[in-house]
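Rule-based calculations on the coordinates, nothing more; no lab input. Keep in mind that this is a model prediction, so the values were computed, not measured. Because the Cβ atoms are built from the backbone with ideal geometry, glycine has one as well, and the counts that use them run over all protein chains shown.
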Amino acid sequence: MARLDETRPFIPVNIAVLTVSDTRTLDNDTSGATLVERVAKAGHHVAARVIEKDDAGLIEVLLRRWIADPEIDVVITTGGTGITGRDVTPEAFDRVLEKRIEGFGELFRMLSFQKIGTSTMQSRAIGGVAGGTYLFALPGSTGAVKDGWDDILVSQLDNRHRPCNLVELMPRLQEHLKSTV
């Protein structure tokens with residue numbers, strides 16, 4: 001069963017938070033604020049917080065900038081994962097991801113089903129890796145942000161989490177870029 005190994009050090013990671021919305025501002029972005037609060041409470045660094053419109057091109061540009069930034073280890077987005085015409089966060093992720101973490105979306109929907117039932121089928125939550133940076137897209141509701149962070153990401157972004165976690169894999173995320181002679 002999963003547990004924290006207190007003999008291992010906690011390693012804070014740098015996390016950028018992106019809210020995807022045509023209508024939210026820093027004053028009324030409750031899901032982004034909730035995520036920022038939880039990231040800091042867990043002991044991680046909030047490296048950036050931005051609100052971007054539901055535009056796949058604009059989201060892609062920002063994601064690529066953050067992926068290229070050595071000071072950002074993880075990007076977590078909230079919003080734009082639904083199925084309406086303006087929901088384009090997964091499409092922007094598809095443009096940048098090198099590898100998908102299929103289990104993230106599957107696990108998110110499994111956990112979400114227990115709380116909201118079949119409505120969870122409308123979520124296109126997605127996770128993956130690009131340029132050595134983890135990327136996770138959560139739905140825009142505050143409840144979904146709490147579920148994604150509290151039930152999945154807080155433990156996977158903790159080096160003490162056993163039997164394994166995403167932090168311990170970070171040094172190996174760019175192995176495919178090393179030349180083989």
Quiz item: What are the pairs, 6+ residues apart or on separate chains, where a residue within the stretch 56-68 that is surrounded by 15 or more Cβ atoms within 10 Å (Cβ to Cβ) has its Cβ under 7 Å from a residue that is part of a helix (DSSP H, G or I) and of a type in the set (Ser, Thr, Tyr)?
Solution: Ile59/Thr89
Self-check item: Residue pairs meeting the criteria (Cβ under 8 Å; at least 6 apart or on separate chains; first under 12 Å from Asp94 (Cβ atoms) and free of Cβ contacts under 8 Å to residues at least 40 places away in the same chain, in the stretch 120-131; second among the β-branched types (Val, Ile, Thr) and not in a strand (DSSP E or B))
Solution: Gly128/Ile101
Self-check item: Unique match (being touching a residue at least 24 places away in the same chain (Cβ under 8 Å) and either aromatic (Phe, Trp, Tyr) or surrounded by 18 or more Cβ atoms within 10 Å (Cβ to Cβ) (or both)) among Phe113, Phe104
Solution: Phe104
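Could you run through the stretch 60-115 and say how many residues are among the aliphatic types (A, V, I, L, M) and touching a strand residue (DSSP E or B) at 6+ places or on another chain (Cβ under 7 Å)?
Within the stretch 60-115, residues that are among the aliphatic types (A, V, I, L, M) and touching a strand residue (DSSP E or B) at 6+ places or on another chain (Cβ under 7 Å) number 10.
With the requirement that a residue be β-branched (Val, Ile, Thr) and surrounded by fewer than 20 Cβ atoms within 10 Å (Cβ to Cβ), what does the stretch 69-95 give you?
Ile83, Thr84
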Quiz item: Any residue at all in the stretch 137-160 that is more than 22 Å from Ser31 (Cβ to Cβ) and in a strand (DSSP E or B)?
Solution: no
